[in-house]
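The values are calculated or read from the model by the stated rules, or taken from the named source; none is laboratory data. Just so it is clear, the model here is predicted, and its values are computed rather than measured. Here the Cβ positions follow ideal geometry from the backbone for every residue, glycine too, while neighbour counts run over all protein chains shown.
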Amino acid sequence: MLNTRDIIKQIWDAQGYGNLAVWKNGATEVIEPGATPKKDGEPPLVIFKPIPLVGGFSMLDFALGDAELLAFIENEVTAAGGEIVRD
């Protein structure tokens, strides 16, 4: 099962390197913008663009504590058919 704060940490780390693709099984990969990756023949559940999501936070801790960001990540994953927990 996916964890919201783990995904935010990975989004934070992906800044400047590409987008973060997240699969249903919990696998993640930093991909170049516009890429269409597959793992075991499956496309990712969601692809997050780091700069618009976490670029405005001066510290990772602020992003991890932002209720709107947490809810956005959870809504995107569940809307795509995935399961996610906060902690």
Selection from the range 26-68 of residues without any contact (Cβ under 8 Å) to a residue 40 or more places away in the chain and among the small types (Gly, Ala, Ser) yields Gly26, Ala27, Gly34, Ala35, Gly41, Gly56, Ser58, Gly65, Ala67
Checked the range 67-82 for anything out of contact with any Ser or Thr (no Cβ under 7 Å at 6 or more places or on another chain), surrounded by 11 or more Cβ atoms within 10 Å (Cβ to Cβ) and either farther than 12 Å from Trp12 by Cβ or aromatic (Phe, Trp, Tyr) (or both); matches are Ala71, Phe72, Asn75, Glu76, Val77, Thr78, Ala80, Gly82
With the condition kept exactly as written, say whether any residue in the range 12-19 is of a type outside the set (D, E, K, R) and touching a residue at least 60 places away in the same chain (Cβ under 8 Å).
no
query: Does Phe57 satisfy being modelled with pLDDT of 95 or more, closer than 21 Å to Arg86 by Cβ and either in contact with a Ser or Thr (Cβ under 8 Å, 6 or more places away or on another chain) or surrounded by 15 or more Cβ atoms within 10 Å (Cβ to Cβ) (or both)?
result: yes
Only one of Gly26, Gly16 is closer than 17 Å to Met1 by Cβ and part of a loop (DSSP other than H, G, I, E, B), namely Gly26
The correct count of residues that are of a type in the set (Ser, Thr, Tyr) and crowded, with 19+ Cβ neighbours inside 10 Å in the range 5-23 is 0
Among the residues of the range 31-53, the number that are touching a Leu at 6+ places or on another chain (Cβ under 7 Å) and farther than 19 Å from Met1 by Cα is 2
